[in-house]
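The values are calculated or read from the model by the stated rules, or taken from the named source; none is laboratory data. All values derive from a computational prediction rather than experimental measurement. When we count neighbours, we look across all protein chains shown, and the Cβ atoms used for this are built from the backbone with ideal geometry, even at glycine. Remember, those area values only see protein heavy atoms, side chains included, never the ligands or the DNA or RNA. Shrake-Rupley method; radii C 1.70, N 1.55, O 1.52, S 1.80 Å.
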Amino acid sequence: GIQVEQSPPDLILQEGANSTLRCNFSDSVNNLQWFHQNPWGQLINLFYIPSGTKQNGRLSATTVATERYSLLYISSSQTTDSGVYFCAVGGGADGLTFGKGTHLIIQP
Amino acid sequence: SQTIHQWPATLVQPVGSPLSLECTVEGTSNPNLYWYRQAAGRGLQLLFYSVGIGQISSEVPQNLSASRPQDRQFILSSKKLLLSDSGFYLCAWRRIEAFFGQGTRLTVV
């Protein structure tokens, strides 16, 4: 099956810093999503981005499908950005394959 | 708009007891439905998916089963729970983009 690798696994930053999270995947996909898992475990949709670039406030994402990677950018980090960020990819109806996530801690 | 409901939020069950977790979706028809489990650590593992009523595909052999008795209802079951069934269970629906329920934290004691 498809492999998804996320880096870095852990990241500790000061409030106000910028960060870049990376997702590499092993095969072509037609679905790529970024999620933020909050402290209560809920998965919050950030981006649906099988290709191209999108921005939503302080967050933006870029997927280069031909090179099989995606990047999530977080600017001017806030403590509420803390949590685990997942990249998930998929092809057909048989569900998404998740990476192991990046655990982000934003310190005040 | 579409919403997904999953319950209960937390559950503590003894080893050997049965399990039934329910998930329902509102505001859409004929969605693809999914059950995932997140064990200690971070990864989410796909357990089952369904593309229609009565159609269930299993991704991994296990002590669990799934059923889809209605278009927008997906149920995760077990006849006898094992300690290894403990984890965080998430239901999801998808047409193009996937959306997740709030999850059930199951502890088997």
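Odds and ends about this structure:
- The single condition from (1) open to solvent by 20 Å² or more (accessible area, probe 1.4 Å); (2) within 26 Å of B:Leu47 (Cα to Cα) that A:Leu96 fails is (1).
- In the set A:Leu46, A:Leu11, only one residue is part of a strand (DSSP E or B) and over 22 Å from B:Thr104 (Cα atoms); that residue is A:Leu11.
- Residue list for the stretch A:49-72, restricted to those being part of a loop (DSSP other than H, G, I, E, B), open to solvent by 20 Å² or more (accessible area, probe 1.4 Å) and within 15 Å of A:Ala88 (Cα to Cα): A:Pro50, A:Ser51, A:Arg68
- Taking the stretch B:21-109 and the strands (runs of 3 or more DSSP E) fully enclosed by it, the elements with 3 or more residues that are open to solvent by less than 30 Å² (accessible area, probe 1.4 Å) are at B:32-38, B:44-52, B:73-78, B:87-94, B:104-108.
- Test for A:Thr102: is it away from chain B (no Cβ under 12 Å) and modelled with pLDDT of 95 or more: no
- Residues being within 11 Å of another protein chain (Cβ to nearest Cβ) and of a type in the set (A, V, I, L, M, F, W, C) - total across the stretch B:40-68: 5
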